[in-house]
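Notes to accompany the following structure.
Coordinate-derived values only; no laboratory data. Predicted model, so just to flag it, every value in this text is computed and none were measured. Heads up, the Cβs are rebuilt from the backbone with ideal geometry, glycines too, and the neighbour counts pull from every protein chain shown.
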Amino acid sequence: MKQTDLKKIVLTSFFIALGYVFTIPFRGVFIGIIPLGSFFSPMHLPVFICGLLIGWKYGLIAGLVTPLLVSIFGGMPPLLPSGVVMSAEMGTYGLVSGLFYHRLVLIKHPTVHIYVALVGAMLLGRIVYLVVMGIVLTFGTYGAYNLISYLKTLFIIAIPGIIIQLIFVPIIVRTIQKRLFLFQGNE
């Protein structure tokens with residue numbers, strides 16, 4: 001194993017742990033009937049950053065593992081159906097952000113390129129969430145699939161989290177790249 005691969009594995013583990021830690025203040029905290037985690041999406045930040053900095057393979061792993069880890073050890077979201085569905089969604093976030101950023105170079109401006117990768121990942125991840133939730137709820141005993149309710153959660157209630165991600169992810173990624181020269185241009 002090359003030293004670079006080991007560094008990527010360690011950093012991916014760090015982002016998974018960060019995703020777990022970021023959820024601690026939000027577990028069990030509700031405003032009315034809506035969990036605060038739905039507003040701020042604290043697990044998403046480290047997964048996006050991992051995909052953008054380290055690449056699609058590691059972003060995919062971080063996205064798949066983080067919600068399952070939080071479900072199993074943190075209790076929120078419940079493993080079934082939410083944890084499994086979020087695992088598919090966030091795996092898509094890590095995969096697509098890494099692919100779009102490292103492989104699909106449409107725009108030469110680095111910050112704009114981050115936004116293209118980020119927004120593309122957000123949209124595709126939410127589509128995967130809706131499809132997987134539909135499948136799980138159709139074949140499981142978890143209740144009826146209410147598409148409007150999930151669309152509202154993913155695109156309306158999550159607006160504060162989306163704004164936070166659009167502001168902070170590019171700043172964090174560009175800062176790390178400039179300061180540490182971390183994996184720029186290679187995957």
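Tabulated values for the structure
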| read-out | value |
| --- | --- |
| Size of electric dipole in the chain: Cβ of Lys, Arg +1 and of Asp, Glu -1, about Cα centre, debye, nearest 20 | 460 |
| Phi to ³J(HN,Hα) by Karplus 6.51 cos²θ - 1.76 cosθ + 1.60 over segment 12-22, Hz, x for Gly, Pro | 4, 4, 4, 5, 5, 4, 4, x, 5, 5, 4 |
| Convex hull (Cα only) mean projected area of the chain, reported in nm² to one decimal | 10.8 |
| Sum of side-chain charges, S13 neighbourhood, beta-carbon under 15 Å (Lys, Arg +1; Asp, Glu -1) | +2 |
| Two-site FRET efficiency, K178 against I156, from Cβ-Cβ distance with R₀ of 45 Å, rounded to 0.05 | 0.80 |
| 3J(HN,Hα) from dihedral phi, segment 125-132, Karplus parametrisation 6.51/-1.76/1.60, rounded to Hz, x for glycine, proline | x, 5, 5, 4, 4, 4, 5, 5 |
| Cβ crowding within 10 Å averaged over residues, with 150-159, 79-88 ranked highest first | 79-88, 150-159 |
| Potential lengthening between I72 and D5 on full extension [0.36 nm per residue; Cα-Cα distance subtracted] | 21.4 nm |
| FRET E, pair S13, F168, Förster distance 30 Å, beta-carbon r, rounded to 0.05 | 0.90 |
| Mean residue ellipticity (222 nm) of the chain, computed from DSSP H runs ≥ 4 via -39,500 (n - 2.57), nearest 500 | -22500 deg cm²/dmol |
| In range of the label at I127: residues from segment 86-114 whose backbone nitrogen is under 17 Å from the point 7 Å along Cα→Cβ | 88-101, 104 |
| Mean Cβ count within 10 Å, highest first, over the residues of peptides 5-16, 61-72 | 61-72, 5-16 |
| Principal-axis tilt of helix 159-180 within the chain, Cα atoms, nearest 10 degrees | 20 |
